[in-house]
Amino acid sequence: MLTVNSDQSLDKALAEIKETFGLKRYLEIEIKVGGKRGLSQNALSHVWYSEIEKAFHLQVGEAKRYCKYHFGVPMLRVEDSEFNDALELLKQGRYTYEQKLKMMDVLPVTSRMSKDQMKRYLTAMQVHFAQQGLVLEGRGEFVDG
């Protein structure tokens, strides 16, 4: 994967593309816009996982699995073709709901998200748990990431 975040890295990426095309004469390129999620967004999600586990008397890790499965996976299935392709292979097996949640321990879900995707993930968590009586609050992590 090539990351372009400056004129220098753009020049390097274009040179690599040109060189590879010269050798192979065929490329498939997928472009994703937006930076990776921020540390403050990541930290906030982990604070919220703990709050959810405490409020609903869950075991450590259960809230993270639940949120990744119910909020992260649907988003990435639509917006990340590589992720969706991998999940299509998994769908061929027969797994219980509990097994699917356990898979969240090893599937990269939030780590694949951009800042914008993480913002929407956190918002989905807020809306869902507010409907269950738990208010999850942040201090600008949505915007700054």
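None of the figures in this text is laboratory data; all of them are computed from the coordinates on show. Computed from a predicted structure; not experimentally measured. Neighbour counts are summed over all protein chains in view; Cβ atoms, including those assigned to glycine, are modelled from backbone coordinates with ideal geometry.
Observations, loosely collected:
- Taking each residue as 0.36 nm, the span from residue 9 to residue 123 lengthens on full extension beyond its C-alpha to C-alpha distance by 37.8 nm.
- Longest segment of the chain lacking GluC sites (Glu not before Pro) that sit in a DSSP loop with at most 14 other Cβ atoms within 10 Å: 31-136
- Nearest-0.05 FRET efficiency for residue 82 and residue 21, computed from C-beta distance (R0 25 Å): 0.75
- Using θ = phi - 60° and Karplus 6.51 cos²θ - 1.76 cosθ + 1.60, couplings along region 111-121 (whole Hz; Gly, Pro as x): 5, 8, 7, 7, 4, 5, 5, 5, 4, 5, 4
- For the chain, the longest principal axis of the C-alpha atoms and the axis of helix 81-91 are separated by about 50°.
- Count, lysine Cα pairs under 13 Å in the chain, 8 or more residues apart or across chains: 9
- In this Cβ point-charge picture (+1 for Lys and Arg, -1 for Asp and Glu), the chain has a dipole of about 260 debye about its Cα centre.
- Listed from fewest to most Cβ neighbours within 10 Å, the set 96, 20, 110 follows the order 96, 20, 110.
- On Cα atoms only, tilt of 39-55 relative to the major axis of the chain in degrees: 20
- Residue-span extension gain [residue 106 to residue 58] - 0.36 nm each, minus C-alpha spacing: 15.3 nm
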